[in-house]
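K.L.:
The following block contains the structure, expressed as structure tokens.
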Amino acid sequence: MSGLGNRTAILTLSRLASYGLMLISPIFLVRLLTVADFGRYREFLLYASILQALAQFSINDSLLYCVPANPGSPWRLARQTALLTLCSSALVVLILAVLDSGSGGWLVNGYLAPLVAYTLFSVNLDFWEYFWLANGRSKPVFVYSATRLTARVVVVVITATLTHEVRAIIWALVALEGARLAAAAVVMLLLDRSRQEPPLKEPWRDQLRFCIPSGIASLLAMLNRNLSNVIVARTLGAVALAQYAIGRFGEPVVATVRNSVSSVILPEMVRKDRGNPASGGALALWQKATVVNAILLFPIAVLVVRYAQPLVTMVFGASYAHAALIMQIYMLVVVRECFDFAPALRAVNRTRPLVESNVAGLLACAVAMLLLIPTAGLAGAMIAFVIASYVDALWLGWRTLQSYGVRVGEILPWRSIARAALAAVVASVLIANSVWTDIFGRAGIVLAGLVYLTAFALLLQVLRIPEAVVLQAWGKRLVFRRASQAGS
């Protein structure tokens, strides 16, 4: 468990680094751009993220399944992944150009040229994180992601400071991704060992069997997450999108925590399932990961609900005060994200339910938005997103029950999850009063957060949640190891 914990911690930091452009740059950009210009910048990133999902199509993710299944030929799989991504991204930008030209530039609101360049540059030869993870190497992931984060933030902030122009910022990002692609090509040529590896028995079958349903599911999930963003941008305008984006500011953190745990345990689940499918080890590992998600995310939800208003005003300014309510509603999504059924289904190569659940969620989101946006505006868009996320979870839960042949009471460690929720709620009594901010001002938010997290951790121990005990032991070992390394 400690090995998985180390990999999960490093991957979490790495994924946060990958999302750094969305996490760190807004804090600077809201002070360098008007609300409308910041909304236009987020609109570009929104379209770019959808195109990236289309172009990637879970091709990189397939390495987490295919490399453990073919441990003797990792570089052959890497080359195959690069070729698939090149073909996929070229097809995506070609279709985009045709559709946007046919709409007179309306489809992507005049961003066609930078979107085409950014998509091609950013997705090709970007399989490294998944390649290293599939081979059990998480430290290079952190170095790669941290370097990329630093470069992105520096480029965005410097360009915004010098020009205050959205277009200049966008083209600076395009240039940076072009440089990354060139460097990745050189590294690939130097490190490639595919010629010394044995040929794959079925070079395309396993990867395509994973990519096609999983890619459709990932694409639908991306549309699920961003449908409300797109509708807000195209119906309510750039200013509304800026507020909505700040309301969902914590989304990369939540996705990082959940996806890092999932990405680390999926290869382990595949190995356990192939080694002894009848043992139930794969399902047990996923259940432990679900409890870990709950332990990590429940306190985040409580703290944000309590302090959203002062936090938004303090970090982003009074112009974004309306985003606080959106952020509080979004915490319902955070609770749902604790229950990630995708690894449990992917471990047994059941990816069709991922497609089904996302279709159900997408339809639920579209219907809810049609009903709620006219009456509740931005809050209605977020409520629609919440509804869609729970429809998705319910469908996946039902299909996971069928795939593993277990009952509702056996699919999840309900007792541990309930205890984690109880600890989160009971500890919140300490921060319910406004005394922290009345006495200490803004610093009181930090002090209250520290007191709350300390109380939450103590309650986890009192309630004897096994996963919490393991996390605590892993944390102590990590601290002592770093201290001994520093001392030596």
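The values are calculated or read from the model by the stated rules, or taken from the named source; none is laboratory data. Only a predicted model underlies this, so the values are computations on that prediction, with no experimental measurement involved. Heads up, the Cβs are rebuilt from the backbone with ideal geometry, glycines too, and the neighbour counts pull from every protein chain shown. When the accessible area is computed, the model is the full protein with side chains, heavy atoms only, and any ligands, DNA or RNA have been set aside. Shrake-Rupley method; radii C 1.70, N 1.55, O 1.52, S 1.80 Å.
K.L.:
Quick check: anything in the range 383-403 within 21 Å of the chain's Cα centre (by Cα), farther than 15 Å from Ala221 by Cα and either among the basic types (Lys, Arg) or at pLDDT 95 or above (or both)?
P.N.:
Yes; the residues of the range 383-403 include at least one that is within 21 Å of the chain's Cα centre (by Cα), farther than 15 Å from Ala221 by Cα and either among the basic types (Lys, Arg) or at pLDDT 95 or above (or both).
K.L.:
Enumerate the pairs (first residue in the range 188-207 and in contact (Cβ under 8 Å) with a residue 40 or more places away in the chain; second residue anywhere and of a type outside the set (Ser, Thr, Tyr) and open to solvent by 100 Å² or more (accessible area, probe 1.4 Å)) with beta-carbon separation below 9 Å, excluding pairs fewer than 6 apart on the same chain, so at least 6 apart or on different chains.
P.N.:
Met188/Arg79; Asp192/Arg79; Ser194/Arg79
K.L.:
Among Phe121, Phe131, which is the only one that is in contact with a Gly (Cβ under 7 Å, 6 or more places away or on another chain) and assigned to a helix (DSSP H, G or I)?
P.N.:
Result of the check over Phe121, Phe131: Phe121.
K.L.:
Applying the selection to the range 313-342, what residues are open to solvent by 10 Å² or more (accessible area, probe 1.4 Å) and under 24 Å from Asn293 (Cβ atoms)?
P.N.:
The answer is Met327, Gln328, Ile329, Met331, Leu332, Val335, Arg336, Glu337, Phe339, Asp340, Phe341, Ala342.
K.L.:
Helices (runs of 4 or more DSSP H) wholly in the range 249-353 with at least 3 residues that are modelled with pLDDT of 85 or more and at positive phi - which ones?
P.N.:
Ranges flagged: none.
K.L.:
From the list Ser89, Ser138, which one is crowded, with 16+ Cβ neighbours inside 10 Å and closer than 28 Å to Leu29 by Cβ?
P.N.:
Ser89
K.L.:
For the range 95-112, what are the residues that are among the hydroxyl-bearing types (Ser, Thr, Tyr) and either assigned to a helix (DSSP H, G or I) or open to solvent by 70 Å² or more (accessible area, probe 1.4 Å) (or both)?
P.N.:
Residue satisfying the conditions is Ser101 alone.
K.L.:
Also, quick follow-up: Among the listed residues Ser214, Ser122, identify the single one that is touching an Asp or Glu at 6+ places or on another chain (Cβ under 6 Å), open to solvent by less than 30 Å² (accessible area, probe 1.4 Å) and of a type outside the set (Val, Ile, Thr).
P.N.:
Ser122 is the lone residue from the list that is touching an Asp or Glu at 6+ places or on another chain (Cβ under 6 Å), open to solvent by less than 30 Å² (accessible area, probe 1.4 Å) and of a type outside the set (Val, Ile, Thr).
K.L.:
Okay, moving on. Give the range 109-131 a look and list any residue that's under 15 Å from Glu43 (Cα atoms), of a type outside the set (Ser, Thr, Tyr) and touching a residue at least 60 places away in the same chain (Cβ under 8 Å), or say none.
P.N.:
Result: Asn109, Pro114, Leu115.
K.L.:
Can you name the residue in the range 189-206 that is open to solvent by 40 Å² or more (accessible area, probe 1.4 Å) and assigned to a helix (DSSP H, G or I) and, of all such residues, is nearest to Tyr65 (Cα to Cα)?
P.N.:
Among residues in the range 189-206 that are open to solvent by 40 Å² or more (accessible area, probe 1.4 Å) and assigned to a helix (DSSP H, G or I), the one nearest to Tyr65 (Cα to Cα) is Asp206.
K.L.:
Go through the residues of the range 20-28 one by one and say whether even a single one is at pLDDT 85 or above, part of a helix (DSSP H, G or I), open to solvent by less than 40 Å² (accessible area, probe 1.4 Å) and within 17 Å of Val315 (Cα to Cα).
P.N.:
yes
K.L.:
Listed residues Leu422, Leu401, Leu430; which is open to solvent by less than 60 Å² (accessible area, probe 1.4 Å), out of contact with any Gly (no Cβ under 8 Å at 6 or more places or on another chain), farther than 27 Å from Arg248 by Cβ and part of a helix (DSSP H, G or I)?
P.N.:
Criteria check complete, one pass: Leu401.
K.L.:
Additional query: Would you point out which residue out of Ala117, Ala82, Ala55, Ala69 is open to solvent by less than 30 Å² (accessible area, probe 1.4 Å), of a type in the set (A, V, I, L, M, F, W, C) and within 18 Å of the chain's Cα centre (by Cα)?
P.N.:
When all the criteria are applied, what remains is Ala55.
K.L.:
OK, next. Can you confirm whether Ala48 is in a helix (DSSP H, G or I), within 25 Å of Ala242 (Cβ to Cβ) and at pLDDT below 90?
P.N.:
The answer is no for Ala48.
K.L.:
Would you check if Val186 is open to solvent by 50 Å² or more (accessible area, probe 1.4 Å), among the hydrophobic types (A, V, I, L, M, F, W, C) and closer than 26 Å to Ser145 by Cβ?
P.N.:
Here the answer is yes, as Val186 does meet what is asked.
K.L.:
From the list Ala160, Ala151, Ala168, Ala146, pick out the single residue that is surrounded by 22 or more Cβ atoms within 10 Å (Cβ to Cβ), in a helix (DSSP H, G or I) and of a type outside the set (Asp, Glu).
P.N.:
Ala160
K.L.:
Next up: Considering the range 56-85 alone, what residues qualify as being closer than 13 Å to Trp132 by Cβ and in a loop (DSSP other than H, G, I, E, B)?
P.N.:
Residue satisfying the conditions is Asn60 alone.
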